[in-house]
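Colleague: Before we start, here is the structure in question, set down as structure tokens.
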Amino acid sequence: MSKLTTLDNNATVDDVIKIMERDGAVIVERLIPESLVDEALGELEPYISSTPTGSHEFSGVKTTRTGALVARSKAIRKVLMQELFLGGAKTFMKPWSDMVQLNIAQIMRLLPGEKAQQLHRDRAIWGRHLPKEIEPQFIGIWAFTDFTKENGATCVVPGSHRWDYERKAQDSEITQAVMPKGSVMFYSGTVLHGGGANQSNAHRIALNAAYALAWLRQEENMYLSCPPQVAAQLDPEMQDLLGYKMGNYALGYFSPPFEKRPGKAGIWTPEQALGASMRHIDGPDIF
Ligand SMILES: O=C(O)CCC(=O)C(=O)O
Ligand SMILES: [Fe+2]
């Protein structure tokens, strides 16, 4: 039987990366206090309870998925900025990008009777265009309830991040991310995994959050889920992670569509959309 490694919450970024490189996934037990989970669920309750179930088997006909979490919950922002998560993401993806961005932050609620999800690689959102040696994502599935075999703890195939895409997992190669509330499983975009079947009579709740290379298109459109007037109130690093920051010289600029004042109609940085200095960018100084 295949097995996942579980670390305690004194684990370092190096500990996490070492196991991720070997297995493609690792559990860190009780990384955040249950009180922070409860705070997040309290802030999000009106949104979660008014979220419909999915319409496809893959997204889950007995699963609800709720987004815009950065705008909707202070507690979620703390989870996203948790040192091991953000630090792990930056280190894991450093070979391919100096900057990371928030790719998705979603509350997933598996209702009783939900079936097991098809095993998949999260990187498939970008097709198969990226060379295999590039790891585009660092994902955390955070247990917002206990994750048990019975309630659908995520199924994972340790080591499958090194497999050919065509190889199918045998039952003996699949394990489950059983972990108590407040724990997280970090996994790469290349490891095979999928939600388990919820055979219990209670909800299995998770925060599914991912960082990605900053030069890829985000899965959740953060500019719509967290528009400038909301983002302007946030911590500067959170703003950067949403994408309100230039990447290298050219990525992410905009022009205010109706701006006609002399000298103002040109190229603006996304930071300027949040009310930072009105500095006009005159021309390239990096070429
Ligand atoms: O629910 C889970 O445990 C995993 C969900 C998942 O992998 C996905 O929807 O991409
Ligand atoms: Fe997934």
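The values are calculated or read from the model by the stated rules, or taken from the named source; none is laboratory data. Here the structure is a predicted model, which is why all the values come from computation and not from measurement. Cβ: placed from backbone, ideal geometry, glycine included. Neighbour counts: every protein chain shown. For the accessible areas, the whole protein counts, side chains as well, though only heavy atoms, and no ligand, DNA or RNA atoms are used. Shrake-Rupley method; radii C 1.70, N 1.55, O 1.52, S 1.80 Å.
Colleague: Please enumerate the residues belonging to region 81-121 that are part of a strand (DSSP E or B) and among the aliphatic types (A, V, I, L, M).
Modeller: Within region 81-121, V100, L102, I104, A105, I107, M108, L110 qualify.
Colleague: Can you say whether E45 is under 19 Å from K181 (Cβ atoms), at pLDDT 95 or above and open to solvent by 80 Å² or more (accessible area, probe 1.4 Å), as far as the supplied structure shows?
Modeller: Spelling it out, E45 is indeed under 19 Å from K181 (Cβ atoms), at pLDDT 95 or above and open to solvent by 80 Å² or more (accessible area, probe 1.4 Å).
Colleague: Output the residue which, of all residues in region 95-128 that are polar (S, T, N, Q) and surrounded by 17 or more Cβ atoms within 10 Å (Cβ to Cβ), is farthest from ligand 1 (Cβ to nearest atom).
Modeller: Only one residue fits best here, namely S97.
Colleague: Give the residues of region 51-66 that are away from ligand 2 (no atom under 15 Å from the Cβ) and of a type in the set (G, A, S), sorted by residue number.
Modeller: S55 - this is the single residue of region 51-66 that is away from ligand 2 (no atom under 15 Å from the Cβ) and of a type in the set (G, A, S).
Colleague: Among what's in region 189-203 and is more than 17 Å from T6 (Cβ to Cβ) and within 18 Å of the chain's Cα centre (by Cα), pick the residue that is farthest from ligand 1 (Cβ to nearest atom).
Modeller: Among those that are more than 17 Å from T6 (Cβ to Cβ) and within 18 Å of the chain's Cα centre (by Cα), it is T190.
Colleague: If I ask for residues that are in contact with a Pro (Cβ under 9 Å, 6 or more places away or on another chain) and over 13 Å from I107 (Cβ atoms), which ones from region 46-70 would you list?
Modeller: Result: K62, single match.
Colleague: State which residue pairs qualify: first residue away from ligand 2 (no atom under 15 Å from the Cβ) and inside region 97-125, second residue β-branched (V, I, T) and open to solvent by 40 Å² or more (accessible area, probe 1.4 Å) in any location, beta carbons under 8 Å apart, and separation of 6 or more residues or different chains.
Modeller: If the second residue must be β-branched (V, I, T) and open to solvent by 40 Å² or more (accessible area, probe 1.4 Å), the pairs left are L111/T53.
Colleague: Pull up region 141-190, narrow it to residues that are among the charged types (D, E, K, R) and not in a loop (DSSP other than H, G, I, E, B), then point me to the one that is farthest from D14 (Cα to Cα).
Modeller: This residue is D171.
Colleague: Tell me whether region 149-169 contains one or more residues that are closer than 20 Å to T64 by Cα and more than 12 Å from ligand 1 (Cβ to nearest atom). First the steps, then the outcome.
Modeller: Going residue by residue through region 149-169, those that are closer than 20 Å to T64 by Cα are 149-155.
If we keep only those that are more than 12 Å from ligand 1 (Cβ to nearest atom) as well, we get 149-150.
Taking every residue of region 149-169 in turn, at least one turns out to be closer than 20 Å to T64 by Cα and more than 12 Å from ligand 1 (Cβ to nearest atom).
Colleague: Name the one entry in P131, P136, P180 that is away from ligand 1 (no atom under 11 Å from the Cβ) and crowded, with 18+ Cβ neighbours inside 10 Å. Spell out the reasoning first.
Modeller: Working: P131 fails: crowded, with 18+ Cβ neighbours inside 10 Å; P180 fails: crowded, with 18+ Cβ neighbours inside 10 Å.
Every option except P136 fails the conditions.
Colleague: Considering only region 159-173, I want to know if a residue exists there that is open to solvent by less than 30 Å² (accessible area, probe 1.4 Å) and closer than 22 Å to L44 by Cβ.
Modeller: Among the residues of region 159-173, not one is open to solvent by less than 30 Å² (accessible area, probe 1.4 Å) and closer than 22 Å to L44 by Cβ, which makes the answer no.
Colleague: A further question follows. Does T66 satisfy the criteria of being open to solvent by 20 Å² or more (accessible area, probe 1.4 Å), in contact with a helix residue (DSSP H, G or I) (Cβ under 6 Å, 6 or more places away or on another chain) and among the hydroxyl-bearing types (S, T, Y)?
Modeller: Considered against the rule, which asks whether it is open to solvent by 20 Å² or more (accessible area, probe 1.4 Å), in contact with a helix residue (DSSP H, G or I) (Cβ under 6 Å, 6 or more places away or on another chain) and among the hydroxyl-bearing types (S, T, Y), T66 comes out as no.
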